[in-house]
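The values are calculated or read from the model by the stated rules, or taken from the named source; none is laboratory data. Quick caveat: nothing in here was measured; it's all calculated off a predicted structure. So basically every Cβ, Gly included, is an ideal-geometry build from the backbone, and we count neighbours across all protein chains shown. When the accessible area is computed, the model is the full protein with side chains, heavy atoms only, and any ligands, DNA or RNA have been set aside. Shrake-Rupley method; radii C 1.70, N 1.55, O 1.52, S 1.80 Å.
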Amino acid sequence: MSASTEGNARAAGYTPHPYVGGRTAALRALAAWRMRWPGAPRVIVLTGNPGSGRSRLLTGFLMMCDPEYRKQLPMDDLDPATVPPDLPAPAVPSAAGRTAAQVLWLLADHFELAAGRTEDVFTELAAREEPVTIVVPNVDQAGPVRAAEEATRVVREVLTPLAATETVQLLADVPRELATELAGALPASQVQVIDLDAPEWADPKGLVLHAETALDAGSGAPELPYTTDPAARRALAEALAARAAGSRLTVQLAVQSLLMQPEGFDPADASQLPTSVGEALDLHARRLGADPRTLRLMLAPLAFAEGDGLPVQLLGTLANAVAGRDMSQDLADGMLLAAPFIQPVEPSSEDDEDGTGEDAEAGAGAGDGRTLLRLMHPALAEEIRSGLPDVRDTQTRIAMALLEEVPQQDWAQADPYIRDHLAAHTLEAGLLPQLLTDPGLFAHADPVTLRAAIEAVPLEQLGAPARTYLRTAPLLTRSQASATLRAAFLESAFVEDGLAPYAEALHTRGFRLPWRTLWSVPLAGVRAVTTGSVAAAGEDGTAVSRSVAALLVPVGTPGSRTLPAAADGAVAPQDGTGAADGTAAGEDAGAVNGDGTAAAGGRTALLLHDLRAPEYVDADPSQVVQPSEEDRAAAPLGFSRGADYLRVWARADRRMVAALVSDSPVTDADLSPDGVLVVATERGVTARQILVAAPPAAPSVPAQRTGTTDADASHGLEGDHS
């Protein structure tokens, strides 16, 4: 199959694909791959220069692969060799804006895999009896942070293992610099590289048709001599295609420019037709009597924009920062100048997922009517960035300008774009480690984006707070917690890591936290916990009663005391489900018996810890007095738990007042009558004072998977996976 098939298809009278408008050779190769034609490769790597039309080709092909959408296409008029068989639609996990882990979990959800770890996804796919078809588009746009180079991780951690899985039929749209690496991991007989800029896949006639269609007044173009006269339109389309060197983006920008502002354009003057994306920018500016550098400076903030786009309110601020001068008049006068290269975007709403309104009150409401702007194509951004003398310096200016826009450095009042994407700008500026000192930013920023930015920094360059955040980020994304609950989880994490001042700071940032973490000890192997009181020596030597947490630990744990086991036992085994009445399984069972002996299970040891202070208690464990059943029943709070989460609720009205999700399995927990929750996990033991006056909303608690997850980030679009 080669470009010569384009002419053969037209000679046979076939209708070009209504969306693609050509690319017959490539479409034939893709159709043969889809039908598993003898000799067809199992893996196709689609690549080409930015603006070559990869996305358009893939979209057009997927239209024919969708049983419902193909009903809207003139299938009988198309070249039969370009039409894939009428099969169920393939899995299409787009990489745009997603991490490698998110792409993988999209697949796991699509195929309903029972995978608990990323490597299990490939194992389960390999064990399938029937092959699966997967199409991965937009790998060049992977990741929530541009500078983090997530596309490389997608290729190495997702596509390469998928390609090596014999039951997977894979088609991936990959940047050229990664296409060779992906294809090189497979035997030549199993893989084919379709480079749309290579002569055998080029489609010059299709490019002419693309230009001709865009110029057609019947398709919405204004009535001009070269849009209404077929001969003139065809001549201009051929001239545009000849100058564009195969770039569909260059043709598109040139057409948009001349149709939006036709004055001063001479279709007979080939020098007014661009040969590249950069020339399309500069020729447009000169034709409108503007300085090309001014146009590029106006568009520069959008070339650096992260996420869905830049809020229009920030365009002027960042343009001034990039230019180093006041650009307000240029922007006011230049919207017609910039219009062919910009598109508005409706902001997506992922705020206030728990329905509490907390994020909206903090200024994150996506329904506030804000308009986002972005460039027409990522290749435009690369062109503008490449023309700047120092990208890192420009990012520094942008980051400083964004930081100055945060009112009183209160992240609750910051523009959502700033708090979610400032880290991405500072990453490319080389300043991210200096930013990662404010716990308020940790709590308010989108954890998926912030985690991706931090992970791109070498660990040795990160301070202790940033390392704590990085450790906690999987929990934040997995739980899809609100800003308040993110602050609560981080507050505990800071205490666990010995960063009490950062934990305390979160109590001063305006959050209504559901708890205050009192202490945490990294004590592995705790089998059970209970709260109670014990007589201990006071500072003056007299006996005083101290509230304690009694921890059942392995024999030999420093500071513990070994006691004989009781025959009847007092610790009920936890099944991780909670009792039907809403109490935790074994909630009222303690780690010690009423006579002070250890629970059943052989000779064990007890370790006493002060319930409210970060210190152990040197006292006789046999003297521990546990709350009576009446005391517990009269307490205002109760709790229930699962394998890695707990809920605390008010007994009076069953209202939930705190929800805790753990990043390691919970081995036991107890709640004192006065509201101190002691939780033992495989990592250690932590005590939290429940603040019942501030009930939070619950995070979503994901269905439990078997195995140990690797805590990859999630937008929530692909399910709750860690």
- Members of the stretch 305-325 found to be open to solvent by 50 Å² or more (accessible area, probe 1.4 Å) and either in contact (Cβ under 8 Å) with a residue 60 or more places away in the chain or in contact with a Gly (Cβ under 9 Å, 6 or more places away or on another chain) (or both), listed by number: Gly307, Asp308, Val312, Gln313, Asn320, Gly324
- Output the residues belonging to the stretch 273-304 that are without any contact (Cβ under 8 Å) to a residue 24 or more places away in the chain, assigned to a helix (DSSP H, G or I) and charged (D, E, K, R). Asp282, Arg286, Arg293
- Task: Answer yes if at least one residue in the stretch 444-456 is modelled with pLDDT under 95 and over 23 Å from Ala100 (Cα atoms), and no otherwise.
- Result: no
- Among the residues of the stretch 634-648, count how many are modelled with pLDDT under 90 and surrounded by fewer than 15 Cβ atoms within 10 Å (Cβ to Cβ). 1
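Confirm whether Asp79 is of a type in the set (Asp, Glu) and in contact with a helix residue (DSSP H, G or I) (Cβ under 6 Å, 6 or more places away or on another chain). Reasoning before the result, please.
Working: of a type in the set (Asp, Glu): yes; in contact with a helix residue (DSSP H, G or I) (Cβ under 6 Å, 6 or more places away or on another chain): yes.
Answer is yes for this residue.
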- Task: Enumerate the helices (runs of 4 or more DSSP H) found wholly within the stretch 225-267, keeping only those where 2 or more residues are surrounded by fewer than 16 Cβ atoms within 10 Å (Cβ to Cβ).
- Result: 225-228, 230-243
- Note on the structure: Here, strands (runs of 3 or more DSSP E) confined to the stretch 513-597 with at least 3 residues that are open to solvent by less than 50 Å² (accessible area, probe 1.4 Å), at pLDDT 50 or above and closer than 30 Å to Gly440 by Cα are 515-521
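Okay, residues lined up against (1) in contact with a strand residue (DSSP E or B) (Cβ under 6 Å, 6 or more places away or on another chain); (2) closer than 22 Å to Ala179 by Cα:
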| position | (1), (2) |
| --- | --- |
| Tyr19 | no, no |
| Ala25 | no, yes |
| Arg42 | yes, yes |
| Gly53 | no, yes |
| Glu68 | no, no |
| Gln72 | no, no |
| Phe111 | no, no |
- Task: Could you check how many residues of the stretch 453-474 are within 16 Å of the chain's Cα centre (by Cα), surrounded by fewer than 24 Cβ atoms within 10 Å (Cβ to Cβ) and of a type in the set (A, V, I, L, M)?
- Result: 2
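Let's see how each residue does on (1) aliphatic (A, V, I, L, M); (2) in contact with an Asp or Glu (Cβ under 6 Å, 6 or more places away or on another chain); (3) farther than 20 Å from Glu491 by Cα:
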| residue | (1), (2), (3) |
| --- | --- |
| Gln408 | no, no, yes |
| Ala412 | yes, no, no |
| Thr426 | no, no, yes |
| Gly430 | no, no, yes |
| Leu441 | yes, no, no |
| Ile454 | yes, no, no |
| Gly463 | no, no, no |
| Leu475 | yes, yes, no |
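Yes or no, residue by residue, for (1) polar (S, T, N, Q); (2) surrounded by fewer than 22 Cβ atoms within 10 Å (Cβ to Cβ); (3) not in a helix (DSSP H, G or I):
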{"position": "Asp120", "(1), (2), (3)": "no, yes, no"}
{"position": "Leu125", "(1), (2), (3)": "no, no, no"}
{"position": "Arg128", "(1), (2), (3)": "no, yes, yes"}
{"position": "Thr133", "(1), (2), (3)": "yes, yes, yes"}
{"position": "Thr152", "(1), (2), (3)": "yes, yes, no"}
{"position": "Arg156", "(1), (2), (3)": "no, yes, no"}
{"position": "Leu159", "(1), (2), (3)": "no, no, no"}
- Query: How many of the residues making up the stretch 161-171 are in contact with a strand residue (DSSP E or B) (Cβ under 8 Å, 6 or more places away or on another chain) and assigned to a helix (DSSP H, G or I)?
  - Reply: 2
- Taking only the stretch 385-430 into account, find how many residues are open to solvent by 10 Å² or more (accessible area, probe 1.4 Å), touching a helix residue (DSSP H, G or I) at 6+ places or on another chain (Cβ under 8 Å), on the phi < 0 side of the Ramachandran plot and not in a helix (DSSP H, G or I). 5
- Message: Is it the case, given these coordinates, that Leu302 is touching a strand residue (DSSP E or B) at 6+ places or on another chain (Cβ under 8 Å), crowded, with 21+ Cβ neighbours inside 10 Å, modelled with pLDDT of 95 or more and under 16 Å from Ala379 (Cα atoms)?
- Response: yes
